Amino acid sequence: MDWEIYRTLMKSHLGEALYRHSLGVAETAADLAVRYRVDRHRAYLAGLLHDYGKVFSPAELRCKAEQLGLCLDRVSLEEKGLLHAPVGAALLPVEVGVADTAVIGAVAYHTTGRARMSLLEKVIYLADMIEPGRDFEGVEKLRQSASDDLDRALLAAVDHTIDRVLRRGRLLHPRSVQFRNCLLTSLGKNGG
Ligand code: FE
Ligand code: FE
């Protein structure tokens, strides 16, 4: 795969800071992919592209969603931190020529997560939170657990995200709750 084409494109599309974040996610995702036996190239590409929609304003994103005929839920439409994921994913085939549905899914669900996520989707969700540019309390512990146990690290990651959403008084997406419940169930922590 010719990475240079995608990197050049993303660098001019995203601008310096967001490009650096995306490269960090791509490289972290590629490392996690090796650890958890996911296609490394797909992981790198999904990481590089995951914030494609982030450069657009909420109004632009809503307009693009309408043009694309996307049927989005109310929380995704109202919460500005969420909308760039599904719209960015839907723009990839049209604007970047990426048609890999696994990559598109990983981009679409990188902000909320969802129940029964694919391994690639999990890797991107986690890489987005632990890439080297991230700096929040607990990130180091999260990085360590990422290489030990994917689902356990994801549970800590989604807990962190939900906690932040609650503290900021923002809308919590039901898919994040489903994602968390799914992880708890598969980790056997649901008391069952
Ligand atoms: Fe994002
Ligand atoms: Fe991101």
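Residue separation times 0.36 nm, minus the C-alpha to C-alpha distance between E60 and D159: what's the value? Can you show the working numbers first?
On the way: separation 99, 0.36 × 99 = 35.64 nm, distance 3.01 nm.
Using 0.36 nm per residue and subtracting the Cα-Cα distance, I get 32.6 nm.
Leaving ligands, DNA and RNA out of it, work out the accessible area of K54 with a 1.4 Å probe and give it in Å² to the nearest 10.
Counting only protein heavy atoms, K54 exposes about 110 Å² to solvent.
Over region 135-192, average the accessible area per residue using a 1.4 Å probe and give it in Å², no decimals.
Ligands and nucleic acids excluded, the result is 61 Å² per residue.
Using θ = phi - 60° and the Karplus relation 6.51 cos²θ - 1.76 cosθ + 1.60, list the HN-Hα couplings for region 78-84 in order, rounded to whole Hz, with x at every Gly or Pro.
Ordered by residue, 3J(HN,Hα) equals 8, 9, 5, x, 9, 4, 5 Hz.
Sorted by accessible area with a 1.4 angstrom probe, largest first, how do C182, C63, C71 fall? It would help to have the intermediate numbers written out before the result.
Details: C182 45, C63 70, C71 135 Å².
Order by accessible area, largest first: C71, C63, C182.
Taking the chain as a Gaussian network, Cα atoms linked when under 10 Å apart, which of L23, L171, L61 shows the biggest mean-square fluctuation?
Answer for the Gaussian network model of the chain: L171.
Lysine pairs in the chain with Cα distance under 18 Å, only those 8 or more apart or on different chains: how many are there?
Values: K11/K54; K54/K64; K54/K80; K64/K80; K122/K141.
Here the count comes out as 5.
Take the chain, connect every pair of alpha-carbon atoms lying under 10 Å apart with a spring to form a Gaussian network, then pick out the residue of G15, G81, G47 with the largest mean-square fluctuation.
Of G15, G81, G47, the Gaussian network model singles out G15 as fluctuating most.
What length, rounded to one decimal in nm, is gained on full extension from F136 through to D151, with 0.36 nm per residue of separation minus their alpha-carbon distance?
On the way: separation 15, 0.36 × 15 = 5.40 nm, distance 2.01 nm.
Between F136 and D151, full extension yields 3.4 nm more.
Can you pull the one-decimal nm distance between simple spin-label points at V94 and Q144, each 7 Å off the Cα toward Cβ?
Result for the modelled spin labels: 4.6 nm.
With every protein chain present, what accessible area does R20 have (1.4 Å probe, heavy atoms only), rounded to the nearest 10 Å²?
Probe radius 1.4 Å; accessible area of R20 about 140 Å².
Suppose R0 equals 22 Å; then what is the FRET efficiency for L171 and S118 from their Cβ-Cβ distance, rounded to the nearest 0.05?
0.30
How big is the Cα convex hull of the chain in projection, averaged over all directions, in nm²?
Approximately 10.8 nm², given one-decimal rounding.
Between beta-carbons, use under 14 Å as the cut-off and find the net charge around Y125, counting Lys and Arg +1, Asp and Glu -1.
Net local charge, Y125 excluded: +1.
How much of the accessible area of region 3-187, probe 1.4 Å, is carbon plus sulfur, in whole percent?
Answer for region 3-187 is 51 percent, counting heavy atoms of protein chains only.
The values are calculated or read from the model by the stated rules, or taken from the named source; none is laboratory data. What you see is a predicted model, and the numbers here were worked out from it, not measured in a lab. Quick reminder, even Gly has a Cβ in these numbers, built from the backbone with ideal geometry, and neighbours come from all protein chains shown. For the accessible areas, the whole protein counts, side chains as well, though only heavy atoms, and no ligand, DNA or RNA atoms are used. Shrake-Rupley method; radii C 1.70, N 1.55, O 1.52, S 1.80 Å.
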